[in-house]
1. Are there trypsin sites (Lys or Arg not before Pro) in segment 37-80 that DSSP puts in a loop and that have at most 16 other Cβ atoms within 10 Å, and which ones?
2. Under 15 Å Cα to Cα from K160, which aspartates and glutamates show up? Leave out anything in the same chain fewer than 8 places away.
3. Quick one: net charge of I141's neighbours, Cβ under 14 Å, K/R +1, D/E -1?
4. Report the extension gain between L108 and E27 in nm, rounded to one decimal, defined as 0.36 nm multiplied by the number of residues separating them, less their alpha carbon distance.
5. Given the pairs K125/K147; K41/K89; K147/K167; K41/K95; K109/K131; K95/K119, which are separated by over 28 angstrom at their Cα positions?
6. Relative contact order of segment 20-146: what whole-number percent is it, with Cα pairs under 8 angstrom and at least 6 residues apart?
7. Name the trypsin sites (Lys or Arg not before Pro) in segment 75-124 that are in a loop by DSSP and that have at most 14 other C-beta atoms within 10 Å, would you?
8. Just to confirm a number: summing +1 for Lys and Arg and -1 for Asp and Glu over residues other than K119 whose beta-carbon lies under 14 angstrom from that of K119, what do you get?
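Every number here is computed from the coordinates shown, using simple stated rules; none is lab data. Because the structure is predicted, anything quoted here is derived from the model rather than measured. All Cβ positions, even for glycine, are placed from backbone atoms using ideal geometry, and neighbour counts span all protein chains on display.
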Amino acid sequence: TSGPYSSSSNNLNIITTNTGEPEFSAEIALPNNLSRFGISKNNLQKLVDDKLCSLDLVQKSIEALSFDVENGKTGNLASILFGVLRSGKEYISQKYSETLQQELDQELKRIHETEDQQKRLLEIKLREKFKTYVDQNPQFIESIRNKNNTFVTSNELLEKVAFEEFKSLSLEN
């Protein structure tokens, strides 16, 4: 048979080798903003063909670098990209990582705020139950006063001690 035959459709190449077995390979989709830095499909494809890295690794890396370029990264980006890819590693976008970290921090803050609101709401509900309980059981406050008469010197402190005792009773029930 003659040399390889390639048919391209929608970035998918079907290559028939000398063995007659078809091989499937996707074409590298190079973002436009990287071409001005001297990054070409041919050079990237050579890395894949030489088995220095996978096509998937190349694609993820150029997408990450493209994100960095959109967010102001400059410099000798071709050298950086090819150096990383030749080592068989993926280029990780620092800008994207920072963006994800900011989003994660905001989400964690929102979760903590929600948890704090839920705790405050539970505390309010528990205080309402406490008031109802004290109204229905006036001897409860007196029993707390008698148990703690050595250090409970004010009504405000008595109410706090009684509330803490009530919370422990509520948790047991």
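1. Numbers: sites: K41, K46, K51, K60, K73; in loops: K51, K73.
In loop regions of segment 37-80 (DSSP not H, G, I, E or B), the sparsely surrounded trypsin sites (Lys or Arg not before Pro) are K51, K73.
2. By straight Cα distance, K160 reaches E123, E128, E142.
3. On the way: positive: K131, R145, K147, K160; negative: D135, E142, E156, E159, E164, E165.
Charge balance near I141 sits at -2.
4. Working: separation 81, 0.36 × 81 = 29.16 nm, distance 3.93 nm.
Extra length from L108 to E27 when fully extended: 25.2 nm.
5. Values: K125/K147 26 Å; K41/K89 18 Å; K147/K167 17 Å; K41/K95 24 Å; K109/K131 33 Å; K95/K119 36 Å.
Where the Cα-Cα span goes over 28 Å, the pairs concerned are K109/K131; K95/K119.
6. Numbers: 78 pairs, mean separation 26.0, N = 127.
The value is 21 percent.
7. Numbers: sites: R86, K89, K95, K109, R110, K119, R120; in loops: K89.
Listed in order of number, the matching sites are K89.
8. Details: positive: R120, K125, R127, K167; negative: E113, E115, D116, E123.
My count for the surroundings of K119 gives 0.
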